[in-house]
Amino acid sequence: MTRSSHSRRFALGVTLVLTFSLLQAAGASAQTVLVDDTQVNTAAGDPGDNTTQSETSLAVRGATVCAGFNDSGPAAGISGFARSTNRGQTWTDQGELGVGNNGDPTLAVNLTTGRFFYGENATIGGNPAIGVLRSTDDCQTFGNRVDASAASSGLNAAGNLTTLSDKPSLAVDNSGGANNGNVYLCWTRFFDTSNPSDGVADTSELRFSRSTDGGVTFVNEQILQAQGPAPFGCSTKVGPNGQVFVAWADRVGGTAGDIRFRASTDGGQTFGANVQVSTGNRLPGTDRVVNCGPNNNRTTLNGNIRMLHQAWLAVDTTGSVSNGNVYAVWVSDPTGNVDNSDVFFSRSTNNGATWGAAVQLGGGTTTDQFEPFVAVGGDEGTVSVAWYDRRNDAANNFNIDVFKAFSTDGGVTFGALQRVTNQNWGVPQLNPNFDNAIANCYMGEYIGIAADAGRFYYLWGDNRNTITNVNWPAGRPDPDIFFETESAPDQPITATGTTISVVEGAPFTGVVATFTDPDTTATASEYGATIDWGDGSPPTVGTISGPTGGPFTVSGSHTYITEGTFPITVVITDVDNPITTATALSIANVADAPKTATCTNKVSSQFFAGVVASFTDANPFSTPADFNAATDWGDLTPPTPGVITTNASGGFDVNGMHSYTSTGTFTVTTTINDPGGSPVFASCTFLIGAATAGGSFVVGDLNAAVGSSVTFWGAQWAKENSLSGGPAPAAFKGFSSIPSSSPACGQAWTTEPGGSSGPPSPPLPAFIIVRVAGSISKTGSTITGNTPQLVVVQVNPGYGPNPGHAGTGTVAGRLC
């Protein structure tokens, strides 16, 4: 950018025409926009109509985005910059660099040290120069300028007077090689060849210098392209092996319109042959030359936007299969006075030694496409080219958008065009320029793109805002700086699920998915994975492994707490580009953990309440709520539900209640159900005895062993029953009347002598509950005894209430 006091003049006599092959636009979905059309600059310090912000450059390191742009507003200096620390979501306009800082920013960053560099047109020591400033505080401030063009900025001999050092391009070696950290700079030196000097630029040459001390000093200033073809608009990039690449445009003579290239393999000390990238180009705006001031006829586009012929470079340093590819973009004017600028692209796969045929991007319109820029990003070497485009105003070829195209195959093909801007804008009055600090016909002469492993960052001049003031009561477009960032397109990851078989409660560790990436240089560390196990538990992080280039596996560890079939969702994410994901759907077949059920033979009264079975489950996470149980009591009554509780052994008990209407032995079967799992069973024998009416029969404790024949009633009871506490009174005949019901172990009892106690009438139940006494005594007419045990006796025939009809039987079981 130049203030209105500067002017340039050159011969423009190029009439060569070349027909370019058109790009076949492949189908491609738009990229995910992460920050959409955000204004970077503020109006602070913009007096009156000095509100032009234009010509953008940016550098990115981590979350910091450092933006440079021309800012006409302040009285001292043009070089402005802004800073974002959250990848462009919000911005702080940091103001301008000060007096003598004349704009045309070019930014670069040392990715190791975090030092940002700002190159610019400058006035140093009263001479036109290229200044380089350094920031050591993450783009918050920049230090003093260094003259990177010292050998030429002071040239003032007649016939060789430097009038302007212009359009610098800065690059930092981040290759990690021998020259890592070197800073390289190319620029256009305009000079006056008149003798005596008249102070007006007659021609130009391309110059280059380098710094090996982190931008403190610049040395080895040299001419890359001499004045003959009036070169202009160089672009400097560093290759993956530290190569230094420079491209530019020739504008007069036999190579007029050519895009040229040179490379250095020794850190910018020397450069190889001058290589032709493209020939036959017509300078943009050739068919529309406008008088933009005294001695200042300029090639322009509709709206009096002056055009400069220049080239922009990008190099793949991503480590992808296209690593080392070099890409160039520029514009050319097709014949005809409507469409005066089209965007072209070429690539080299051999460090710039040879270049492929030029390909037109954004073709198929009669509108202007201009000021392209190119960058490489993502982790697969995606190429992005962006430019100003008027296709959305086909009728007038006036309003402007920013469009872009991506190539994911190393520049062989490009996908469908994608719009960057969410609205287009018009052109302010440029001839004369509404901004008296800016040269006529000037609207800005380049845009900026940067990229990292996951995103592309776009920065451009944008006139969508309107200013209304006394000079422009109807309003005029206001040139500002806008920004957008989008995900870097990657070739899709392909993920495949699997089926795993596990057991509930048992830890599982293994592969849950596999995936591939078309990038043959991809490594496992470039991806992350989350695993949703499908059982309501929080997702976990997967472990990714596999050789370089894949295929890769995702492994995880999990314990299912219940059986069933569960859908596993595995999401694989490119760490560098989180928008690139793949999802694998897997299945977990979770088997029921083994269960074991047991029970114990029981002796009971006709009413039973208690534990009917116990069981264990190998699943340590099981709870009583996981099961249900039912008990078949063996008496042809319907099964009844059981109540499941935990027990002291770490297992579970099934509790039940039942009333038997008869006595004897019954097979009691408990079924434990695990919904979704397999049932288990436990079967036991229950011996059921009945309590007798009016009291209980008694046997001696020394006769009460199971299987023993006993006399529980009779005239000779005292002789036929032995007690550990001594002989029983002869008057006791075997029946206790008090308490008259509910005999229990540990219970004392009383009765009267002989048959006066009133034993029940026959027949007795087949199995009766009988007290076991250890001692019996008689006091007066009262007989008293204890009950250390209760047994169930199977009754023999012959019982009668008269003691002469003895009651006998066999002890079938012990109740307590």
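The values are calculated or read from the model by the stated rules, or taken from the named source; none is laboratory data. For clarity, every value in this text was computed on a predicted model and none was experimentally measured. For neighbour counting, all protein chains shown are included, and Cβ atoms are generated from backbone atoms with ideal geometry for every residue, glycine included. The accessibility values were calculated without ligands, DNA or RNA, using every heavy atom of the protein model including side chains. Shrake-Rupley method; radii C 1.70, N 1.55, O 1.52, S 1.80 Å.
Approximating the spin labels as points 7 Å out from Cα along Cα→Cβ, the ILE579-to-THR600 distance works out to 7.1 nm. Take the Cα of THR646, step 7 Å toward its Cβ, do the same at THR38, and the gap between the two points is 5.2 nm. Relative contact order of the range 685-816, taken over Cα pairs closer than 8 Å and 6 or more residues apart, is 32 percent. Starting from the Cα of LYS778, step 7 Å toward the Cβ, then list every residue of the range 695-722 with an amide N under 15 Å from that point. Those under the cut-off are 714-721.
Counting only heavy atoms of the protein chains and using a 1.4 Å probe, ASP592 has close to 40 Å² of accessible surface.
A Förster radius of 51 Å combined with the Cβ-Cβ distance from THR667 to THR494 puts the calculated FRET efficiency at roughly 0.25. Accessible surface calculations at 1.4 Å, restricted to protein heavy atoms, place the range 716-794 at 42 Å² per residue. Bridgeable aspartates and glutamates around LYS719 (alpha carbons under 19 Å apart, same-chain partners fewer than 8 residues away excluded): ASP701, GLU752.
Measuring r between the beta carbons of ILE223 and THR279 and using R0 = 22 Å, the FRET efficiency lands at 0.50. Give the shape of the chain as rounded, prolate or oblate, defined through the alpha-carbon gyration tensor: a ≥ b ≥ c are the square roots of its eigenvalues, a/c under 1.5 means rounded, and otherwise the shape is prolate if a/b is larger than b/c and oblate if not. Prolate.
In the range 513-636, the ratio of gyration radius to Kirkwood radius, Rg to Rh, stands at 1.30 when only Cα atoms are counted. What's the carbon and sulfur percent of the chain's accessible surface, probe 1.4 angstrom, rounded to a whole number? Of the solvent-accessible surface of the chain, carbon and sulfur hold 52 percent. Placing unit charges on the Cβ atoms only, positive for Lys and Arg and negative for Asp and Glu, gives the chain a dipole magnitude near 1780 debye about its Cα centre. In this structure, VAL470 and ASP535 have a Cβ-Cβ separation that, at R0 = 45 Å, corresponds to a calculated FRET efficiency of about 0.05.
Estimated at the nearest 10 Å², the accessible area of PHE732 is 0 Å² with a 1.4 Å probe. The range 492-513 and the range 212-256 have Cα centres separated by 56 Å. With only the Cα atoms considered, the range 184-268 has a convex hull volume of 103 Å³ per residue. In units of the compact-protein estimate 2.2 N^0.38 Å, the range 302-406 shows a Cα radius of gyration of 1.14. For the range 373-441, the Kirkwood estimate of hydrodynamic radius, built from reciprocal distances between every pair of different alpha carbons, is 14.1 Å. Can you list the HN-Hα couplings for the range 795-810, worked out from phi with the Karplus curve (6.51, -1.76, 1.60; θ = phi - 60°), rounded to whole Hz and with x for Gly and Pro? Listing the rounded values in order: 7, 8, x, x, 5, x, x, 6, x, x, 10, 4, x, 10, x, 10 Hz. Averaging Cα coordinates gives a centre for the range 303-372 and one for the range 125-184; these two points are 26 Å apart. Measuring with a 1.4 angstrom probe and ignoring ligands and nucleic acids, THR349 comes out at about 90 Å² accessible. Residues within the reach of a label modelled at ASN796 (point 7 angstrom out along Cα to beta-carbon, backbone nitrogen below 17 Å), restricted to the range 708-737, are 708-722, 734. Computed from label points 7 Å out along Cα-Cβ, the spacing between GLN429 and SER708 is 12.9 nm.
Take THR685, project a point 7 Å from its Cα along the Cβ direction, then tell me which residues of the range 589-631 have their backbone nitrogen under 14 Å from it. Flagged as within label range: 600-604.
Taking the charge dipole of the chain about its Cα centre, with +1 at Lys and Arg Cβ atoms and -1 at Asp and Glu Cβ atoms, the residue from THR637, SER194, PHE218 reaching farthest to the positive side is THR637.
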